[in-house]
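Below is one structure, written out as structure tokens; comments come after it.
The values are calculated or read from the model by the stated rules, or taken from the named source; none is laboratory data. Please read all numbers here as calculations on a predicted model, not as lab measurements. Note that each Cβ is placed from the backbone with ideal geometry, even for glycine, and that neighbours are counted across all protein chains shown.
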Number of protein chains: 6
Amino acid sequence: MKDEVFFGEGMARVKKDYPELYTAIVGLNEAAYTGKTLDYKTQKLIALGINAAASDERATRKQMMSAMKEFGVTKDEIVDVLRVVLLTSGMPSFNKALKILYELLEK
Amino acid sequence: MKDEVFFGEGMARVKKDYPELYTAIVGLNEAAYTGKTLDYKTQKLIALGINAAASDERATRKQMMSAMKEFGVTKDEIVDVLRVVLLTSGMPSFNKALKILYELLEK
Amino acid sequence: MKDEVFFGEGMARVKKDYPELYTAIVGLNEAAYTGKTLDYKTQKLIALGINAAASDERATRKQMMSAMKEFGVTKDEIVDVLRVVLLTSGMPSFNKALKILYELLEK
Amino acid sequence: MKDEVFFGEGMARVKKDYPELYTAIVGLNEAAYTGKTLDYKTQKLIALGINAAASDERATRKQMMSAMKEFGVTKDEIVDVLRVVLLTSGMPSFNKALKILYELLEK
Amino acid sequence: MKDEVFFGEGMARVKKDYPELYTAIVGLNEAAYTGKTLDYKTQKLIALGINAAASDERATRKQMMSAMKEFGVTKDEIVDVLRVVLLTSGMPSFNKALKILYELLEK
Amino acid sequence: MKDEVFFGEGMARVKKDYPELYTAIVGLNEAAYTGKTLDYKTQKLIALGINAAASDERATRKQMMSAMKEFGVTKDEIVDVLRVVLLTSGMPSFNKALKILYELLEK
């Protein structure tokens, strides 16, 4: 399985209770992250940007943790994503993501 | 000026009518796209993903045109961005961006 | 009063402090849920879908609790709503709502 | 194929250019609309509500057309969906969807 | 009727076809704009900011036209609203609203 | 510095780690709130309306606290903003902001 971000506890239950739905989600996830030219890390940074721009704290935290653990994505790289979030989506989204980043770094 | 996407006709008027606001926008734009580690092209792809995820047709079209013209970004690379949009933001956003992409390619 | 979901503690204060605003909200609520052809349960499932698609945890939880308690809506019916959320709005919204559902079921 | 709404011209190209992505989308669509207990028509009305609440004109129009043509969904039923949109998402979303509905009815 | 913005052609039909829904909407509108301390013009500028921040072109245009015609709101006042939109919601929303403003001014 | 709302702990770190980004944010903030005709308080109420409409609890709370402390904005004035949020953005956003307001008032 390529992306563990979306496959937490909830997904384990979907697998058991709704196996055909689980299969579709796995298929979607595989097709999303099996890009033709962009590498997986770049696609993950795009997902992080989208989640942060949408002010989604839970998804932003998961994507940041996954990016740092799986790909060794650095603080500077994440801030470079958040610069784009600031420009496209404004201060509240940027602030929220920044706070999550510093919390994760201090752990 | 690094990014011409955001500097169309409207911005020319802001420059003339509200020069101090214009200066702030230029400063923001410079700071956003002068990343420390990610290159400009990657940051532009992130901006494209955010705009497409937000179902913003106008910004999506501008980002796609800019990406293809300035960086020679290919159709496959854009589709790799849109795969992430599909996963994170659903079919309507994906469909809208896909339609814009094929329209631009046919021109 | 038809829908208790929107009438928690905050609304009790609005009733006391801003009675004319309260009256308008009650009128809106009545007009919204007194459909001509769709039954109340179906309208509540639509509200649940909209709240979950908007990644609104608080409103999603309230709608799920109300749907299960007032109408005996089942887990399978809620998952059928969330399938549509997945398709139209992507994985983060779906995951968030799924997590809320399983938390409510375990209580 | 159950739902033709999402399978317009753009999707025909995805099928040809990115067959593995197309397969995943078909799988997602099947899993989304093959509910266990809610019927397909109810799921489509939920999708309509979500699209209208998100102020997505293109998707709202497609869902309305599909609902009326495939299921004989009536004007009153759609207005019952839009009542929920008004309550959960405010006047601009409601107005936009209402305008689309009346335009479709007059054709 | 205080606010003509929301009462275009669509609403005339709601009045005829769904009078009880129309009554609720009028009540909501009255309660919304009959503030206790803020004047109507300030409330309209807030509505404009919200619509522009949500990238809603149709509602933004209607609010701008209404603000200029009903209250003699000036270009500078609208730009002052859009400054806040830029800070809270990013460049694409700001750009879209700016373009609408200059189009209206040139008519 | 005019607006302390956006300059909490996270921003102190940006100042130290990414000084050129910090400078751009300060410039943006200054340009946003140095309106030509609307006063600062009105601009802050617009920002509050936008944050509440976007269902952003964190930003809404910060804006309310700042508005009450810096400008002596009253409960009635904030409710007048929230009336517009209700009309433009629906009950869930309104409810969330109302709850935050009453919590702040009871402290």
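Residues in segment A:38-55 that are aliphatic (A, V, I, L, M) and within 17 Å of B:V73 (Cβ to Cβ): how many? Talk me through it step by step, then tell me what you get.
Filtering segment A:38-55 for residues aliphatic (A, V, I, L, M) gives A:38, A:45-48, A:50, A:52-54.
Retained after the next criterion (residues that are within 17 Å of B:V73 (Cβ to Cβ)): A:38, A:45-46.
Within segment A:38-55, residues that are aliphatic (A, V, I, L, M) and within 17 Å of B:V73 (Cβ to Cβ) number 3.
Can you give me the number of residues within segment A:75-107 that are more than 28 Å from B:A59 (Cβ to Cβ) and hydroxyl-bearing (S, T, Y)?
Qualifying residue count for the region: 1.
Tell me the residue from E:S93, E:S66, E:S55 that is within 11 Å of chain F (Cβ to nearest Cβ) and either closer than 20 Å to F:I46 by Cβ or touching a residue at least 40 places away in the same chain (Cβ under 8 Å) (or both), please.
Step by step, each of E:S93, E:S66, E:S55 is checked, and only E:S93 is within 11 Å of chain F (Cβ to nearest Cβ) and either closer than 20 Å to F:I46 by Cβ or touching a residue at least 40 places away in the same chain (Cβ under 8 Å) (or both).
Kindly provide the set of residues from segment F:33-46 that are within 9 Å of another protein chain (Cβ to nearest Cβ) and touching a residue at least 24 places away in the same chain (Cβ under 8 Å), ordered by number.
Once the filter is applied, which keeps residues that are within 9 Å of another protein chain (Cβ to nearest Cβ) and touching a residue at least 24 places away in the same chain (Cβ under 8 Å), segment F:33-46 yields F:Y33, F:T34, F:K44, F:L45.
From the list A:E30, A:E77, A:E9, which residue is of a type in the set (D, E, K, R), at pLDDT 95 or above and over 28 Å from E:N95 (Cβ atoms)?
When all the criteria are applied, what remains is A:E30.
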